[in-house]
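Have a look at the structure below, then the notes.
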Amino acid sequence: MSLTSAATLATLDRTGPRRITDLAAVEGVTQPAMTALVRVMEESGLVERRGDATDKRVTLVCLTEAGASYVRTRRQAGVHAFERLIGELTGDEVEALVAALPALTHLAELESQDREGPKR
């Protein structure tokens, strides 16, 4: 799976159903590229398209249970990889990481806000 596909699934998991144009903007790709990506992920059973209850002209891309499961599995694999790597650090290095956690958390929040774009 491409990084853009994985990132798109993670965005849908974090933010809920989105328009293709919104997903394209968040992921930094063109709308035609996102349309093609969504088609592939739809064929794989990871996402589905649904109508928007508030605007019948709009189609939303939604994560399926298989897509949500993929995101959870990928995140868990990342957690396990970090656990293993942190286990190889010295005590001083672990303390330095713990001290940096507030700044890292803030960076993640800023990145998330940037990727999600303006709220509607």
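Every listed requirement among (1) under 16 Å from Thr15 (Cα atoms); (2) out of contact with any helix residue (DSSP H, G or I) (no Cβ under 7 Å at 6 or more places or on another chain) is met by Asp92 save one, (1). Pairs meeting the criteria (first residue in region 57-74 and over 17 Å from Leu23 (Cβ atoms), second residue open to solvent by less than 40 Å² (accessible area, probe 1.4 Å) and not aliphatic (A, V, I, L, M), beta carbons under 7 Å, at least 6 apart or on different chains) are Ala66/Gly45.
Can you pull out the residues in region 29-78 that are small (Gly, Ala, Ser), within 18 Å of Leu3 (Cβ to Cβ) and within 13 Å of the chain's Cα centre (by Cα)? Write out each step before concluding.
In the first step, residues of region 29-78 are kept if they are small (Gly, Ala, Ser); the result is 33, 36, 44-45, 51, 53, 66-69, 77-78.
Now restrict to residues that are within 18 Å of Leu3 (Cβ to Cβ): 33, 36, 44, 67, 77-78.
Scanning region 29-78 gives a single hit, Gly67.
Of all the criteria given as (1) touching a strand residue (DSSP E or B) at 6+ places or on another chain (Cβ under 9 Å); (2) charged (D, E, K, R); (3) part of a helix (DSSP H, G or I), the one not satisfied by Arg50 is (3).
Filtering region 19-45 to residues that are part of a loop (DSSP other than H, G, I, E, B) and either in contact (Cβ under 8 Å) with a residue 40 or more places away in the chain or open to solvent by 40 Å² or more (accessible area, probe 1.4 Å) (or both) leaves Arg19, Gly28, Val29, Thr30, Ser44. Is it the case that Glu88 is part of a helix (DSSP H, G or I), open to solvent by 70 Å² or more (accessible area, probe 1.4 Å) and either within 22 Å of Ala24 (Cα to Cα) or without any contact (Cβ under 8 Å) to a residue 60 or more places away in the chain (or both)? When the stated conditions are applied, Glu88 does not pass them.
The values are calculated or read from the model by the stated rules, or taken from the named source; none is laboratory data. No experiment lies behind these values; they were computed from the predicted model shown. Heads up, the Cβs are rebuilt from the backbone with ideal geometry, glycines too, and the neighbour counts pull from every protein chain shown. Heads up: the accessible areas ignore ligands, DNA and RNA and are worked out on the full protein's heavy atoms, side chains in. Shrake-Rupley method; radii C 1.70, N 1.55, O 1.52, S 1.80 Å.
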